[in-house]
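Please treat every number below as a calculation from the coordinates, not as lab data. The structure displayed is predicted, hence computed values, not measured ones. Ideal geometry is used to build each Cβ from the backbone, glycine not excepted, and the neighbour counts take in all protein chains shown.
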Amino acid sequence: MTTRAGSASISLMKIVNWDETSQDINQALIAAFDAKDYDECIEDLRARSIKPLSYINSLDKVGS
């Protein structure tokens, strides 16, 4: 069960900083995508100190 209560920023940072060994990446993805503020966070990643290219590259790593 997922909730839309958390902030996407924290989960997005976990995704960007993923070391490719942690098993909780799926939970971080679910939490980010399901967060109420996901759209706002994605629209302005830089305001949350997240480099857009780093986010995209991290998603590519997760998908591999």
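A few points about this structure:
- Rough spin-label spacing in nm, given labels placed 7 Å along Cα→Cβ, for Leu53 and Ile30: 3.3 nm
- Per-residue HN-Hα couplings for the range 29-37 [Karplus 6.51, -1.76, 1.60; θ = phi - 60°; Hz; x = Gly/Pro]: 5, 4, 4, 5, 5, 9, 5, 4, 9
- Oblate is the label for the chain, because the ratio a/c of its alpha-carbon gyration tensor axes (a ≥ b ≥ c) is 1.5 or higher and a/b is not greater than b/c.
- Gain on full stretching of the segment that runs from Met13 to Asp44 - 0.36 nm per residue minus C-alpha separation: 9.8 nm
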